[in-house]
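Asks: Can you keep this structure in mind? I'll have questions shortly.
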Amino acid sequence: MPLEVIASIPAVRDRVAEARRASRRIGLVPTMGALHAGHTRLIERARAECDVVIVSIFVNPLQFDRPEDLQKYPRSLQSDVEVCSALGVDIVFAPSVAEMYPAPLDCVVDVGRVAEHLCGRFRPGHFRGVATVVMKLLQIAQPDRAYFGEKDAQQLAVIRRMVADLNVPVEIVPVPTVREADGLALSSRNQRLLPGERRVATVLYEALQVARAQVVEGVRDAANIRQAAKDVVDREPAVRLEYLEIVDPREMQPVERIEGPVIAAGAIWVGATRLIDNVICVPP
Ligand code: AMP
């Protein structure tokens, strides 16, 4: 079946209803477009596990806390559609803002503790916007499985929590982070980095690896681990650290002592670009 690009919610619903009547397993990969090899990994996984693969491409204004970030966000629908076609995607759902938000919403998904730290602390309303749009996409596409990258660990935790708390009948499938050869996590925002910025952007992953090495060596005091990782970022003057935290993988709460697997997560600014990354750290 050739790929269909659909902008209307009723049209997607018709296709979904047809697939469900035929007991076909539906997989959804929500994205904001500007597709790269990280997205590709999610789509390939969905293709391998589902009968009907829907990729949504929607730059969701509700989750942007800075207007200039929304305005500068890369958009490349035509080439994204080509990528999806080559990967055997069945449907690209690419709605307009007016299609998704015909009127200001009166009902939203509010996120509690799991959004308190990390990005949630620095991007007010971000996870409310994410949870709300993902809830809408899940209602529209009614997938059996939805695929999310571990690159956005807090987002993954928020979605898992939402699905559990609100009894959404979908399986959330996490997909490991895809990186460049030098360790930089792929991100649509990497496109914005100038050559000099691109060279120093790897410092966050280096810092997170220092944290991981300490946990693996058996260091238990999270404050020490955090400091060692922060020192790595501080040695790079062209980079500003926004946060670097050691948290538990489910609730995203800072831990004091390492008693089990933790996530080391950070955000940096390189020039005008904000980058995030995280690694899972497992003690001996
Ligand atoms: P975005 O288009 O940035 O909203 O990302 C769409 C999905 O792709 C999210 O579930 C992300 O976590 C995931 N994703 C983004 N970058 C990567 C990456 N480098 N590796 C794996 N998944 C990713």
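The values are calculated or read from the model by the stated rules, or taken from the named source; none is laboratory data. Small disclaimer: the values here were computed from a predicted structure and weren't measured. Note that each Cβ is placed from the backbone with ideal geometry, even for glycine, and that neighbours are counted across all protein chains shown.
Asks: Could you tell me whether region 43-61 includes any residue that is touching a residue at least 60 places away in the same chain (Cβ under 8 Å), of a type in the set (A, V, I, L, M, F, W, C) and more than 21 Å from Y147 (Cβ to Cβ)?
Replies: The answer is no; no qualifying residue exists.
Asks: For region 55-66, state whether one or more residues are among the basic types (K, R) and farther than 30 Å from W269 by Cβ.
Replies: No.
Asks: Another one. Tell me which residues, restricted to region 153-171, are more than 9 Å from the ligand (Cβ to nearest atom) and either under 15 Å from V111 (Cβ atoms) or assigned to a helix (DSSP H, G or I) (or both).
Replies: Q154, A157, V158, R160, R161, M162, V163, A164, D165, L166, V168
Asks: Residue under question is E44, and the condition is that it be of a type outside the set (G, A, S), surrounded by fewer than 21 Cβ atoms within 10 Å (Cβ to Cβ) and away from the ligand (no atom under 15 Å from the Cβ); does it hold?
Replies: no
Asks: Against the conditions (1) within 19 Å of G129 (Cα to Cα); (2) more than 13 Å from the ligand (Cβ to nearest atom); (3) modelled with pLDDT of 95 or more, where does K72 fall short? Just the number, please.
Replies: (3)
Asks: Given (1) away from the ligand (no atom under 12 Å from the Cβ); (2) in contact with a strand residue (DSSP E or B) (Cβ under 8 Å, 6 or more places away or on another chain); (3) over 16 Å from I54 (Cβ atoms), identify the lone condition not met by R145.
Replies: Going through (1) away from the ligand (no atom under 12 Å from the Cβ); (2) in contact with a strand residue (DSSP E or B) (Cβ under 8 Å, 6 or more places away or on another chain); (3) over 16 Å from I54 (Cβ atoms) one by one, R145 breaks only (3).
Asks: Another question, if that's okay. Looking at region 1-31 only, could you name the residues that are among the basic types (K, R) and either buried (at least 18 other Cβ atoms within 10 Å of the Cβ) or under 15 Å from P95 (Cα atoms) (or both)?
Replies: Within region 1-31, R13, R15 meet the criteria.
Asks: For the subset of region 172-213 comprising residues that are within 12 Å of the ligand (Cβ to nearest atom) and β-branched (V, I, T), which member is nearest to G112 (Cα to Cα)?
Replies: In this case the residue turns out to be I172.
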